[in-house]
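Structure record follows, encoded as structure tokens.
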Amino acid sequence: MCEAPTQALPNKVNKSLLLAFDFDHSLIDVNSDNYVTKLVPPIPVEIKKRYSSQCWVYYMGAIFEHMHLQKITPTQILDCMNEIPFVNGVMELVNFLDRVDVEMIIISDANSVFIKQVLENAKIAHLFAETFTNPAHFDETGCLRVQCYHNQDWCQLSTTNLCKGRILEDYLKKRCDEGVSFSHVGFVGDGIHDYCPCLTLREQDFTFPRINYNLWKKINKMPKNDELSLKSQIIPWTDAFEILETLKAVL
Ligand SMILES: [Mg+2]
């Protein structure tokens, strides 16, 4: 990882913090893929059989085709996204971090259409430097199509379509090549697949696991000094105001 320079170098920038967010149950207070299915209850059994915890892009693709056959329009889907509540305190958190020049990114196993709609509707899309997620679009018939972000076989902790740890490492390397380093890196997450990016963090970094969710449970179950133990500081949270208070003390 790119270390902070000991003294200012020409064309080198050291920022205080990169904060990476998961999306579902971390920025927003629901799972967007589950939320949208309220437009077509119940999901047929033959589609439910396609569910896989290792990659649910194909399962969601089948749901979106089913929604299209049920005459659900793109507008209905986007309106559904506009209803979704944020986690309490997220607006205050991201607006504060933007004011103090913290870099923010999103790494999510949702899809680009959902995330773009939610962020633009809340007028906070410009606060995020990049979003890494499964690419999606409405095709010419109005059916929502989603693809895997990548196909990976190197990480057993992640889904086959999205290794968040590799994405975070690649982003930090890209920023390092551009002359930007970070004194601290944080990851805000809730899910079991958020463990991999947290494993990449250093002692001076922060893991923010949502209390009572799977990431928090996995961290609590991990034996001390296991080779898969986290090195970073662990700051459990129930709402984003708690993350804000922690970061105010650091920045
Ligand atoms: Mg999540």
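The values are calculated or read from the model by the stated rules, or taken from the named source; none is laboratory data. As the structure is a computational prediction, the values presented were derived from the model and not from experiment. So basically every Cβ, Gly included, is an ideal-geometry build from the backbone, and we count neighbours across all protein chains shown. Protein only, heavy atoms only, side chains kept; ligands, DNA and RNA dropped before computing areas. Shrake-Rupley method; radii C 1.70, N 1.55, O 1.52, S 1.80 Å.
Quick notes on this structure:
- A straight Cα-to-Cα reach below 25 Å connects residue 217 with the lysines 164, 231, residues fewer than 8 places away in its own chain not being considered.
- Within the accessible surface of region 1-139, defined with a 1.4 Å probe on protein heavy atoms only, the carbon and sulfur portion equals 52 percent.
- Under a model in which nothing but the beta-carbon of Lys, Arg (+1) and Asp, Glu (-1) is charged, the chain shows a dipole of about 340 debye around its Cα centre.
- Long-range HN-HN contacts of residue 20 with modeled amide H, under 5 Å: 105, 186, 187, 188
- Applying both filters, DSSP loop and at most 11 other Cβ atoms within 10 Å, to the trypsin sites (Lys or Arg not before Pro) of region 75-177 gives 123.
- Were the residues from residue 54 through residue 140 laid out at 0.36 nm apart, the gain over their Cα-Cα distance would be 28.0 nm.
- Shape call, region 143-206: gyration tensor on alpha carbons, a/c limit 1.5: prolate
- The loop-placed chymotrypsin sites (Phe, Trp or Tyr not before Pro) in region 86-180, going by DSSP, that have at most 15 neighbouring Cβ atoms within 10 Å of their Cβ come out as 154.
- Cα long-axis angle, helix 90-99 against the chain (0 to 90 degrees, to the nearest 10): 40 degrees
- Degrees separating the helix 57-69 axis from the principal Cα axis of the chain, which is the longest one: 40 degrees
- Counting DSSP beta bridges with both ends in the chain, the antiparallel % (nearest 5): 15 percent
- Cα gyration tensor shape for region 117-162, rounded if a/c is under 1.5, else prolate or oblate: oblate
- Taken along its principal axes, the alpha carbon cloud of region 47-147 reaches lengths of 46, 30, 25 Å, longest axis first.
- Calculated SAXS-style log₁₀ I(q)/I(0) at q = 0.20, 0.21 Å⁻¹ - region 106-251, Debye, Cα scatterers: -1.45, -1.53
- Remark: relative contact order (the chain) = 25 percent; criterion is Cα-Cα distance under 8 angstrom and separation of 6 or more residues.
- Per residue, the Cα convex hull of the chain amounts to 138 Å³.
- Nearest-ten-degree value, helix 240-250 long axis tilted from longest Cα axis of the chain: 20 degrees
- Solvent exposure of the chain as accessible area per residue, Å², 1.4 Å probe: 48 Å²
- Label-to-label distance, residue 183 versus residue 250, with points set 7 angstrom from Cα along the beta-carbon direction: 1.1 nm.
- Label sites at residue 76 and residue 212, each approximated as a point 7 angstrom past Cα along Cα to Cβ, lie 3.3 nm apart.
- The label-point distance for residue 202 and residue 16, in a model that sets each label 7 Å from Cα toward Cβ, rounds to 1.8 nm.
- Rounded if a/c under 1.5, otherwise prolate or oblate - region 169-251, Cα gyration tensor axes: oblate
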